[in-house]
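Take a look at the structure below.
The values are calculated or read from the model by the stated rules, or taken from the named source; none is laboratory data. These numbers were taken from a predicted model, which means no experiment stands behind them. Neighbour counts are summed over all protein chains in view; Cβ atoms, including those assigned to glycine, are modelled from backbone coordinates with ideal geometry. Heads up: the accessible areas ignore ligands, DNA and RNA and are worked out on the full protein's heavy atoms, side chains in. Shrake-Rupley method; radii C 1.70, N 1.55, O 1.52, S 1.80 Å.
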Amino acid sequence: MIVVTGATGNVGRPLVRALVAAGEQVTAVSRRISASQVPAGVRYHQADLVEPENLKPVLDGAETLFLLTSGDFVAADGNLSDVLEVTRAGGIRRVVLLSSQGVSTKDHSSELEDAVTQSGMDWTMLRPGGFHSNTLQWADTVRAQRVVTAPFGDIALPTIDPADTAQVAAVALRDAAHNGNVYELTGPVAISPRQQAAAIADALGEPVRFVEQTRAEAKAAMVRFMPEPVAERTLDILGAPSTAAQRVSPDVELLLGRPARTFAEWATHNISAFQ
């Protein structure tokens with residue numbers, strides 16, 4: 001049995017489907033989840049990692065855990081060590097953590113990874129960079145005005161399809177040979193916001209205008225839904241990424257036996273969100 005936390009998110013949903021397709025028994029866990037959000041016959045459970053005791057009912061018979069901590073978990077001062085203590089006591093022996101490329105580049109703390117490596121369980125770290133799906137924040141203005149507004153229009157980063165991250169997670173969860181490994185997950189090529197807007201336009205078959213924000217304009221928009229220091233740090237990373245953050249990793253292709261999907265492929269597959 002494999003327990004998947006964050007099972008209703010952009011990575012969790014395709015991960016549950018991939019595991020079921022591979023014949024695995026899965027329990028899907030999320031703070032808000034229903035039968036309509038999981039494949040038929042999949043066991044599901046509502047739980048918040050901030051209260052790890054709520055995970056106990058799903059641990060019987062499970063040995064492997066996909067661990068995804070949301071921004072809300074961090075904002076609520078969730079304690080990952082408590083989560084790991086409960087899951088280990090419940091029989092979990094292996095953990096695959098969805099971490100961040102920022103740990104490699106030193107842009108983010110290694111605190112969550114440290115908790116996992118110190119848990120006494122076997123582990124695998126997945127470090128994706130930005131996701132193609134982050135551009136869904138543009139969907140409203142593309143639908144209404146055929147406009148994309150973003151800062152740093154020509155700075156390119158190798159974003160990844162969350163479905164590719166899910167496929168890699170499925171491989172790692174199903175094979176203990178990945179224990180102790182750290183995988184950096186990127187798309188096949190770095191792409192800028194202006195190029196992403198052009199790819200969406202191509203998928204739509206209609207022009208989409210790109211409007212470059214100033215840093216101040218971008219910050220004013222971001223602080224509506226995140227603390228100011230987080231907004232500043234995010235803008236630092238986007239506006240002046242390190243060489244490491246811009247590097248394309250081979251790990252997706254090594255694990256999946258095929259190249260990572262391009263942003264254009266993702267946009268075509270998800271174009272209904274922008275129509």
Under the rule a/c < 1.5 gives rounded, and otherwise a/b versus b/c splits prolate from oblate, where does region 181-269 land using the Cα gyration tensor? oblate
Lys/Arg +1, Asp/Glu -1 at C-beta; the chain dipole; positive extreme among MET1, GLY120, PHE131: PHE131
Over all Cα pairs of region 116-275, how is the pair count split among 10 Å bins, expressed in % and running from 0 up to the last occupied bin? 10, 34, 34, 18, 5, 0
Compute the Kirkwood hydrodynamic radius of region 75-131, taking the inverse of the mean of 1/r over all pairs of distinct Cα atoms, and give it in Å to one decimal. 12.0
√(5λ) per eigenvalue of the Cα gyration tensor, region 236-275, largest first, Å: 24, 20, 5
Neighbour cut-off at most 13 other Cβ (10 Å), DSSP loop, trypsin sites (Lys or Arg not before Pro), region 17-98: ARG32
Zone residues, region 67-107, relative to ASP175, backbone N less than 16 Å from point 7 Å out along Cα-to-Cβ: 96
Hey, for a label at GLN118 modelled as a point 7 Å past Cα toward Cβ, could you say which residues of region 73-94 have their backbone N under 16 Å away? 78-86
Of the convex hull drawn through the C-alpha atoms of region 46-178, the volume per residue in Å³ is 144
State the extension gain, in nm to one decimal, for the chain segment bounded by VAL182 and ALA216, taking 0.36 nm per residue of separation less the distance between their alpha-carbons. 8.7 nm
Taking Cα atoms, how many degrees apart are the long axis of helix 12-21 and the longest axis of the chain, rounded to 10 and kept between 0 and 90? 60
Restricting attention to the alpha-carbon atoms of the chain, what are Rg (one decimal) and Dmax (integer), both in Å? 18.9, 56
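Dipole of the chain, Cα-centred, from +1 at each Lys and Arg C-beta and -1 at each Asp and Glu C-beta, to the nearest 20 debye?
600
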Using helices alone, I'd like the mean residue ellipticity at 222 nm for the chain: each DSSP H run of four-plus residues gives -39500 (n - 2.57), total over residue count, nearest 500. -10500 deg cm²/dmol
With +1 on the Cβ of every Lys and Arg and -1 on the Cβ of every Asp and Glu, the dipole magnitude of region 1-133 about its Cα centre, in debye rounded to the nearest 20, is 540
May I ask you to give the percent of accessible area on region 10-73 that is carbon plus sulfur, with a probe radius of 1.4 Å? 43
Could you rank ARG13, ARG258 by how accessible they are, 1.4 Å probe, largest area first? ARG13, ARG258
So ALA240 and VAL74, fully extended at 0.36 nm per residue minus their Cα-Cα distance, gain in nm 57.3 nm
For region 149-236, run through the trypsin sites (Lys or Arg not before Pro) and keep only the ones in DSSP coil with at most 15 other Cβ atoms within 10 Å of their Cβ. ARG224
Accessible surface, per residue, of the chain when the full set of protein chains is kept, probe 1.4 Å, Å²: 48
√(5λ) per eigenvalue of the Cα gyration tensor, region 133-192, largest first, Å: 32, 14, 7
Counting DSSP beta bridges in the chain, what percent are antiparallel, to the nearest 5? 5
Report, in cubic angstrom per residue, the convex hull volume of the C-alpha atoms of region 7-71. 88
Ranking LEU80, SER109, HIS269 by how far each Cα lies towards the positive end of the charge dipole of the chain (+1 on Lys and Arg Cβ, -1 on Asp and Glu Cβ), the top one is HIS269
Full extension from ALA35 to ALA156: what is 0.36 nm times the residue separation minus their Cα-Cα distance, to one decimal in nm? 39.6 nm
Tell me which of PRO229, ALA166, GLN145 sits at the most positive position along the dipole axis of region 119-266, charges placed on C-beta atoms (Lys, Arg +1; Asp, Glu -1). GLN145
To test your reading of the geometry: what angle, between 0 and 90 degrees and rounded to tens, separates the Cα axis of helix 193-204 from the longest principal axis of the chain? 90
Could you state the angle between the C-alpha long axis of helix 80-89 and the longest principal axis of the C-alpha atoms of the chain, as a value from 0 to 90 degrees rounded to the nearest 10? 30
Using DSSP to define loop residues, name the GluC sites (Glu not before Pro) in region 35-101 whose beta-carbon has at most 16 other beta-carbon atoms within 10 Å. GLU63
